[in-house]
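Peer 1: Take a look at this one; I'll ask things after.
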Amino acid sequence: MIIRRMNFSRTHYFSGRLLSADDFLAEQNYHRDKQRFRNLHVHGYGVISGLSVSVRTPGSHISLSPGMAIDAIGREICVLTPVEFTLPSTKSRWQVSVHYVEAEARPMPSISADTGEAGATQSSRIEEGVEVVVTPIGTTGKSGRRPIALATETGTPGVPLAVLHRKGSRWIVIALPTRSRSTGTRKKPKPYVK
């Protein structure tokens, strides 16, 4: 018995073939999907390096260090420079997370029939970046546990980094677990001893 499943599809090029935007998108999707699959199965998801949250004195000035994470669907989240922000004074508990984000950029004139209008423009680039999301979270409930809400404003899975808790006039940073299991690291089996 043979069971065959096709998991990825790449563009097949040959001389004389007419190429369209769909062919180039298929090529990009092939490489992107393979990279995301590899990221999840080799590295797992979560913080790979950096991305430390710290409080700058005085007050509510928060800093996020540069680093890299992989979200739950394998996308790479890169923070290239430190991010600084100030917490609002309305709540006493906040969660900091990072999210992958894309934005269309560099519009240019389009002569495609897809647009259907004269003088139409299309974006010539898709930029990839990061959103640092800071969301208020609840306080201790009847169970005695403090729920940690995953930020969902962006509609994409993010990587939670820390909970910030106000104690008097200062903020305490509670770092969250940073990595999922990684299949790349395996424990050596213990020898069998009678």
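The values are calculated or read from the model by the stated rules, or taken from the named source; none is laboratory data. Because the structure is predicted, anything quoted here is derived from the model rather than measured. Heads up, the Cβs are rebuilt from the backbone with ideal geometry, glycines too, and the neighbour counts pull from every protein chain shown. Surface areas here come from the heavy atoms of the whole protein model, side chains and all, with no ligands, DNA or RNA. Shrake-Rupley method; radii C 1.70, N 1.55, O 1.52, S 1.80 Å.
Peer 1: Output the residue which, of all residues in the stretch 118-168 that are at pLDDT below 50 and aliphatic (A, V, I, L, M), is most open to solvent (accessible area, probe 1.4 Å).
Peer 2: Among residues in the stretch 118-168 that are at pLDDT below 50 and aliphatic (A, V, I, L, M), the one most open to solvent (accessible area, probe 1.4 Å) is Leu150.
Peer 1: With respect to Leu51, determine if the residue is farther than 30 Å from Gly138 by Cα and modelled with pLDDT of 90 or more.
Peer 2: No: the conditions fail for Leu51.
Peer 1: Give me the residue from the stretch 62-81 that is open to solvent by 30 Å² or more (accessible area, probe 1.4 Å) and over 19 Å from Glu127 (Cα atoms) and, out of that set, modelled with the lowest pLDDT.
Peer 2: By that ranking, first place goes to Ala72.
Peer 1: Then there is this: Would you confirm whether any residue within the stretch 50-64 is closer than 26 Å to Val83 by Cα, free of Cβ contacts under 8 Å to residues at least 40 places away in the same chain and in a loop (DSSP other than H, G, I, E, B)? Explain how you work it out, then say what you get.
Peer 2: At the first step, the residues of the stretch 50-64 found to be closer than 26 Å to Val83 by Cα are 50-64.
Then keep just the ones that are free of Cβ contacts under 8 Å to residues at least 40 places away in the same chain; that gives 50, 56-58, 61, 63.
The next check asks that each one be in a loop (DSSP other than H, G, I, E, B); those that pass are 57-58.
Yes; the residues of the stretch 50-64 include at least one that is closer than 26 Å to Val83 by Cα, free of Cβ contacts under 8 Å to residues at least 40 places away in the same chain and in a loop (DSSP other than H, G, I, E, B).
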